[in-house]
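Reviewing the structure listed below.
The values are calculated or read from the model by the stated rules, or taken from the named source; none is laboratory data. Here the structure is a predicted model, which means the values were calculated and not measured. We place every Cβ from the backbone using ideal geometry, glycine too, and count neighbours over all the protein chains shown. Accessible surface areas use protein heavy atoms only, side chains included; no ligands, DNA or RNA. Shrake-Rupley method; radii C 1.70, N 1.55, O 1.52, S 1.80 Å.
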Amino acid sequence: MPAGQFQITHTDGPARRGRLQTVHGEIQTPAFMPVGTQASVKSLSPQDLVDIGAEIILGNTYHLYLRPGHELVAQLGGLHSFASWDRPILTDSGGYQVFSLSALRKLTSEGVEFTSHIDGSRHWFTPERVMDVQVSLGSDIMMVLDECVAYDTNWDDTRKSVGLTTDWAKRSLQTYPLGSGNQLVFGIVQGGFYPDLRTRSVEEIAALPFSGLAIGGLSVGEPKEIMLDILAHTAPQLPGDKPRYLMGVGTPLDLVDGVAHGVDMFDCVLPTRNARNGTLYTSQGKINIKRQEFRTDENALDPACDCYTCRTFSRAYLRHLYTARELLAYRLNTLHNLAYYLQLMRRVRENIATGTFAELHREIRGVFEEPRESR
RNA sequence: GGAGGGGUACCCAAGUGGCCAAAGGGAGCAGACUGUAAAUCUGCCGGCGUAAGCCUUCGGAGGUUCAAAUCCUCCCCCCUCCA
């Protein structure tokens with residue numbers, strides 16, 4: 001199967017199971033992609049990631065451009081060789097940093113000027129330059145530069161941002177046309193929280209020859225219900241034959257909700273960041289390992305999990321490691337949270353294949369659905 | 001025995017007449033985190049109360065003052081130096 005080929009093998013309602021080919025191997029979808037911003041999934045080794053079944057990880061163009069620098073990475077043989085990770089890598093464009101580092105940047109139709117959060121130096125990012133940097137990095141999937149707007153952005157500004165994102169998408173493809181190398185390029189749909197603008201963005205982005213399409217700009221602080229509404233509005237409009245990637249999402253329930261709307265790929269910092277901050281995902285729900293109730297708890301973190309952390313240590317020990325700020329805490333917690341996410345995605349794929357995805361969806365809803373706020 | 005320094009909340013530590021239930025840290029307890037400027041951030045942290053407020057508290061006892069952690073007297077304890 002040539003790089004870029006996406007094959008759907010099973011469907012269960014809107015949910016799809018499939019596989020996406022890259023030169024560094026195939027990824028099973030629906031997939032969760034652990035985030036490794038600085039060419040490292042914090043606290044884990046590549047071997048750890050292989051052990052828990054990660055098939056693809058993320059890196060970040062903006063961060064790697066600033067440090068250690070894309071030329072250096074290229075000189076050292078590209079990201080895969082540099083980080084000793086021989087499976088697929090998706091690099092995010094820096095579009096999210098346009099949003100999250102908004103205080104440090106200036107946006108024009110031409111591109112973005114960033115003030116480095118590391119040393120204050122100025123850097124000029126354009127859609128073209130971001131593609132060049134990703135080519136230097138040698139990732140398997142490159143994301144185009146986009147503009148991700150805040151939740152409270154008005155219609156007019158969101159409309160402009162959709163126009164900009166489309167213009168940038170076209171410029172990205174001119175820099176790296178489909179088929180010009182082994183790297184795939186994904187376009188990104190924006191449109192904030194306005195259904196008409198989401199539709200417009202889908203029409204414009206889906207018309208371009210991308211290998212996959214992403215939904216950006218969700219989970220930026222909006223209520224969950226609104227996120228789901230926009231997702232339900234947007235995902236079905238995307239072409240069915242290309243992989244659909246919901247960027248930056250989310251909680252275990254968000255993933256399953258996304259799959260239910262036909263999403264194939266996800267990434268999110270939650271499992272890794274929360275692991276470092278003591279929040280762990282289990283088959284019984286979310287727990288905070290620092291809570292006093294675990295002080296003498298000799299049970300496995302999640303008795304239903306077969307990861308190294310759960311096979312080996314008690315909750316009492318994990319609590320101790322966390323409260324003592326022992327380095328092992330970060331590693332064991334991260335290992336477990338990602339193992340939980342990857343295990344969940346394996347179950348999602350199996351259930352789609354057997355036509356029982358709805359049951360799994362119900363189960364996960366039962367475990368993670370938060371009580372609605374009554375007003 | 002002499003000289004000096006010091007005893008403040010669970011711990012460390014500021015405060016030296018009213019704005020002090022008492023700064024800051026730590027510990028403790030709880031919460032947040034969604035394409036990672038995050039091993040970070042927020043809240044609570046003497047007692048009762050929803051609150052206004054009341055009560056108890058700055059080594060101990062007594063005193064001065066409208067008012068004392070803060071000034072005075074005596075006592076107890078700790079540290080440093082000298083003998």
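Condition test on A:R87, is it more than 11 Å from RNA strand B (Cβ to nearest atom), open to solvent by 10 Å² or more (accessible area, probe 1.4 Å) and either touching a Cys at 6+ places or on another chain (Cβ under 8 Å) or over 20 Å from A:V23 (Cβ atoms) (or both)? Answer is no for this residue. Looking only at residues in the range A:254-264 that are in a helix (DSSP H, G or I) and more than 7 Å from RNA strand B (Cβ to nearest atom), the one that is surrounded by the most Cβ atoms within 10 Å (Cβ to Cβ) is A:V259.
When we screen A:F266, A:F294 for residues that are among the aromatic types (F, W, Y) and closer than 25 Å to A:V144 by Cα, the only hit is A:F266. Exactly one residue out of A:P243, A:P209 is over 12 Å from the mean Cα position of the chain (by Cα), buried (at least 23 other Cβ atoms within 10 Å of the Cβ), more than 13 Å from RNA strand B (Cβ to nearest atom) and touching a residue at least 12 places away in the same chain (Cβ under 8 Å): that is A:P243. Considering the range A:225-240, the residues that are more than 19 Å from the chain's Cα centre (by Cα) and outside any loop (DSSP other than H, G, I, E, B) include one that is surrounded by the most Cβ atoms within 10 Å (Cβ to Cβ), namely A:H233. If a residue must be within 14 Å of RNA strand B (Cβ to nearest atom), β-branched (V, I, T) and modelled with pLDDT of 95 or more, how many such residues does the range A:114-132 contain? Qualifying residue count for the region: 1.
Counted as qualifying within the range A:105-181 are the strands (runs of 3 or more DSSP E) with 1 or more residues that are open to solvent by 10 Å² or more (accessible area, probe 1.4 Å), under 29 Å from A:P223 (Cα atoms) and touching a helix residue (DSSP H, G or I) at 6+ places or on another chain (Cβ under 7 Å), namely A:105-107. Against the criterion of being within 20 Å of A:L49 (Cβ to Cβ), near RNA strand B (Cβ under 7 Å from one of its atoms) and among the acidic types (D, E), A:D267 qualifies.
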